[in-house]
Amino acid sequence: MIRGLAALAFTLALAGGAHGAECRDLTHDGITYTVCEVDPAREELRLFHAGADGVPYGHFSTLERALGARGRHLAFAMNAGMYHQDRAPVGLYVEDGEQTMSLVTSAGPGNFGLLPNGVLCIEAARARVIETRRFAETGPECRHATQSGPMLVIDGALHPRFLADSTSRFVRNGVGATEAGDRVVFAISGRPVTFHEFGRLFRDRLGLPQALYLDGNVSRLHAPGLGRSDIGRWMGPIVAVVEPAAD
């Protein structure tokens, strides 16, 4: 009940008729995060990786210029999963219904292979976070999809490998969603945090039963409403809310 009330309070705090992804700072357990909530039934939430020339966009500014030539702009954007040295996505990647990388269901090295991992699946009017093996069994049709790992929250429980006394801390970003996929929240930490701390943000403060880690160290946010557009290392996949550019 407490988690449900926390989620309701958070949603009401973001209400008020503003357009696009709603971003704000909040503090949980003494740690500041920036969180951005998206209504996938109302907003154009999607993934980007590379332009028509096959070269990955890499930076928000590059993607923004490409969209500007089409009369569009970024209302929100965030790095959206891990990638290889050539910036090709690690694991499943689908953009505009076209799959370019396959689902990986086996355990492996690094955070991505720390099972269970999961998939952000953006459908026609909803977006869900789905554990990888459940995704493989159900085969949902995603307009856009990116696989990453580990899962932060699975069916309301923290990932079983997370330790409360962990000393591994990084600036981290991730995404959580309701089971119905009608509420999606992206978050990035304001300072280095553990997986346990980050997972508790989604479970306890945001009240979301499913949440997925997107990355650390390269974590970046583009939130024009906050006057923020992070720069840094080249990115692979980018998740974004796109809107018509102002006249």
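The values are calculated or read from the model by the stated rules, or taken from the named source; none is laboratory data. Just so it is clear, the structure is predicted and the values come from calculations on it, not from any experiment. Cβ: placed from backbone, ideal geometry, glycine included. Neighbour counts: every protein chain shown. Note: accessible area is taken over every heavy atom of the protein model, side chains too, but ligands, DNA and RNA are not part of it. Shrake-Rupley method; radii C 1.70, N 1.55, O 1.52, S 1.80 Å.
Remarks
- Where Met101, Met82 fall by accessible area, highest first, once all protein chains stay in place (1.4 Å): Met101, Met82
- Largest-first principal axis extents, alpha carbons of the chain, Å: 47, 43, 34
- Extension gain, Asp25 back to Gln85 (0.36 nm per residue minus Cα-Cα distance, nm): 18.4 nm
- Expected 222 nm ellipticity per residue - DSSP helices of 4 or more, -39500 (n - 2.57), all of the chain, to 500: -4000 deg cm²/dmol
- Charge sum, other residues only, whose C-beta stays under 11 Å from Ala240's C-beta, Lys/Arg counted +1 and Asp/Glu -1: -2
- Take the Cβ atoms of Arg70 and Leu226, set R0 to 22 Å, and the FRET efficiency comes out at 0.35.
- Euclidean distance of C-alpha centroids, the range 215-247 and the range 54-128, integer Å: 13
- In the range 17-92, the trypsin sites (Lys or Arg not before Pro) that fall in loop regions by DSSP, at most 12 other Cβ within 10 Å: Arg42, Arg70
- For chymotrypsin sites (Phe, Trp or Tyr not before Pro), the sites in the range 184-247 that DSSP calls loop and that have at most 16 other Cβ atoms within 10 Å are Trp234.
- In the full protein context, the chain carries 44 Å² of accessible surface per residue, based on a 1.4 Å probe and ignoring ligands, DNA and RNA.
- Cβ-derived FRET efficiency at R0 30 Å, Ala52 paired with Asp182, nearest 0.05: 0.35
- Separation of the Arg42 and Ser61 label points, Cα + 7 Å toward Cβ, nm: 3.2
- Pairwise FRET efficiency - Glu98 versus Ala136, Cβ, R0 = 22 Å, nearest 0.05: 0.70
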